[in-house]
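K.L.:
Below: one structure in structure tokens.
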Ligand SMILES: O=P(O)(O)OC[C@H]1O[C@H](O[C@H]2O[C@H](CO)[C@@H](O)[C@H](O)[C@H]2O)[C@H](O)[C@@H](O)[C@@H]1O
């Protein structure tokens, strides 16, 4: 642990009311599984987050999922004060209420065009999230080969429709441009007048949030929920959702002590 990391954790524990704990969902709170619809939060997640929600300034989940899906798959509706920023920050769920901008018009166009394209790749699947469409290759015989082959046609389709491509773990997501987890987290830190911040994530889409932690100028900690799939630089590396749960529990214990 570097001195900065220690300072970040110390600031969270010393002044929990000023702390924002930011968390990604898939791969961080929820173990990665082959079928996106079968993902569910780590069994310890709801309890640990409920504890933290009572102790810190705010717990915020920043996810590529629709916010309501993260709340459902995470059994999170009862976490005190929880905010879920879905679709990389386009949507906001808070106290059971969801706010979101209109659906981007380019999505109707790519939705139709993706069906025949993806049909040519055995095992590739479309996840329609209403405000974004994801193409998954995890269930292909060679997931990396299928992903690489899909990159160019998916990028062309996205550009024609005015959408951005968000790459992730065996997934290419077509989504509205102009928002990312860094923009979303920075705005939330300002809104809450945060005095310290931690963000935990496991994938490429989380890098913008890690950069936002560093750019905030606050005592801050980035946490990588590690796996064999990608390597990301962060202040702390833990072993997947099990490790994330252990870290969050130890923060709650230290605050509560
Ligand atoms: O920002 P996140 O909360 O991490 O969401 C990112 C994407 O996660 C999901 O896909 C990933 O998890 C799946 C379930 O474990 C896995 O099958 C897939 O290979 C992963 O890429 C989700 O399905 C996407 O919609 C999210 O954008």
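K.L.:
Using alpha carbons only, what's the Rg to Rh ratio of the chain with Rh from Kirkwood?
P.N.:
Using only Cα positions, Rg/Rh for the chain is 0.97.
K.L.:
Give me the one-decimal nm value for the distance between modelled label points at residue 94 and residue 40, 7 Å along each residue's Cα-to-Cβ direction.
P.N.:
3.0 nm
K.L.:
Starting from 0.36 nm per residue, how many nanometres of slack lie between residue 214 and residue 130 once their C-alpha separation is accounted for? Don't skip to the end; give the middle numbers.
P.N.:
Details: separation 84, 0.36 × 84 = 30.24 nm, distance 3.20 nm.
That works out to 27.0 nm of additional length.
K.L.:
Stretch residue 191-residue 237 to full length: gain in nm at 0.36 nm per residue minus the Cα-Cα span?
P.N.:
Between residue 191 and residue 237, full extension yields 13.8 nm more.
K.L.:
Can you tell me the length gained on complete extension of the stretch residue 111 to residue 156, counting 0.36 nm per residue apart and subtracting the Cα distance?
P.N.:
14.8 nm
K.L.:
Under 1.5 on a/c is rounded, so check that first for the stretch 117-163, then, if it is not, pick prolate when a/b is larger than b/c and oblate when it is not; a ≥ b ≥ c are the square roots of the alpha carbon gyration tensor eigenvalues.
P.N.:
oblate
K.L.:
Can you give me the angle between helix 45-55 and the longest principal axis of the chain, using Cα atoms only, in degrees from 0 to 90, rounded to the nearest 10?
P.N.:
Its long axis makes an angle of about 40 degrees.
We did not get these values from a lab; they are worked out from the coordinates using the rules stated. Bear in mind that the values here come from a model prediction, so they are computed numbers and not experimental data. Backbone-built Cβ (ideal geometry, glycine too); neighbour counts: all protein chains shown.
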